[in-house]
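Beneath this line is the structure, given in structure tokens, with notes to follow.
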Amino acid sequence: MTKDIETPPGDSKKLPIEDQLKGKTLQVYMYMIRKKEPVGVREVQRDLGFSSPSVANYHIDKLVELALVSQDEYGRYYVVQKVQVGVLQAFVNIGGLTVPRLSFFAAFFTTMLIAYIVLSLDNLNIYAIGFALAGSVAFWFETIRVWIKMPVT
């Protein structure tokens, strides 16, 4: 669910978070979610390969304005609110890993296909194998497609 950012009267209308959280700003946000600890501007610049600390600072400031990130007493930044917008809706965080949600379905269909073949080796149904194989291939294809769109590798 996206929420609109409040704008003072007379200002040009600001865009919802989903429209502002994209590109390098989204990369910084994903990086900070993965880190799970406060990060400094130079650390973000170095780890994401930005040309200068001011580029990293610009994107961090955008995240602060969106109320997604805050600054601690040491000048380091940390995530205060997690939002699922755009491509982030297709991922789930497990421990330190960010994996596509569809990978669970792909693994399930693949496991069921292998289990069926192993348990019914003497009496295989070509239609059951075809449907399970089609499901596995479709889910793996979509998982890889979503994985390629992941903002930060």
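The values are calculated or read from the model by the stated rules, or taken from the named source; none is laboratory data. Source: prediction; values computed, not measured. When we count neighbours, we look across all protein chains shown, and the Cβ atoms used for this are built from the backbone with ideal geometry, even at glycine.
Of all the numbered requirements in (1) more than 20 Å from residue 88 (Cα to Cα); (2) at pLDDT below 85; (3) among the basic types (Lys, Arg), residue 42 misses one, and that requirement is (2).
Scanning the stretch 45-67 for residues that are in contact with a Lys or Arg (Cβ under 8 Å, 6 or more places away or on another chain) and in contact (Cβ under 8 Å) with a residue 40 or more places away in the chain returns a single hit, 48.
The residues on offer are 72, 47, 122, and the sole one that is closer than 15 Å to residue 24 by Cα and not small (Gly, Ala, Ser) is 47.
So is residue 118 among the β-branched types (Val, Ile, Thr) and either closer than 23 Å to residue 144 by Cα or in the same structural domain as residue 40 (by TED's automatic domain parsing) (or both) or not? Step through it out loud before you land on a result.
Numbers: among the β-branched types (Val, Ile, Thr): yes; either closer than 23 Å to residue 144 by Cα or in the same structural domain as residue 40 (by TED's automatic domain parsing) (or both): no.
Criteria not met by residue 118.
Within the stretch 123-153, restricting attention to residues that are touching a residue at least 12 places away in the same chain (Cβ under 8 Å), in a loop (DSSP other than H, G, I, E, B) and aliphatic (A, V, I, L, M), which residue is nearest to residue 49 (Cα to Cα)?
Ranking the qualifying residues of the stretch 123-153, first place goes to 152.
Among residues of the stretch 97-110 that are assigned by TED's automatic domain parsing to the domain that holds residue 141, those with a Cβ under 7 angstrom from a residue that is assigned to a loop (DSSP other than H, G, I, E, B), sequence gap 6+ or separate chain, pair up as 98/150. I'd like to know if the stretch 29-42 contains one or more residues that are more than 22 Å from residue 98 (Cα to Cα), without any contact (Cβ under 8 Å) to a residue 24 or more places away in the chain and part of a loop (DSSP other than H, G, I, E, B). No.
Quick one: in the stretch 86-115, which of the residues that are hydroxyl-bearing (Ser, Thr, Tyr) and modelled with pLDDT of 90 or more is nearest to residue 150 (Cα to Cα)?
Here is the first cut: in the stretch 86-115, the residues hydroxyl-bearing (Ser, Thr, Tyr) are 98, 103, 110-111.
Imposing the further condition that a residue be modelled with pLDDT of 90 or more reduces the set to 103, 110-111.
Values: 103: 14, 110: 23, 111: 25 Å.
Residue satisfying both the conditions and the ranking: 103.
Here the condition is being of a type outside the set (Phe, Trp, Tyr), exposed (fewer than 12 other Cβ atoms within 10 Å of the Cβ) and closer than 27 Å to residue 17 by Cα; of 72, 61, it holds for 72 alone.
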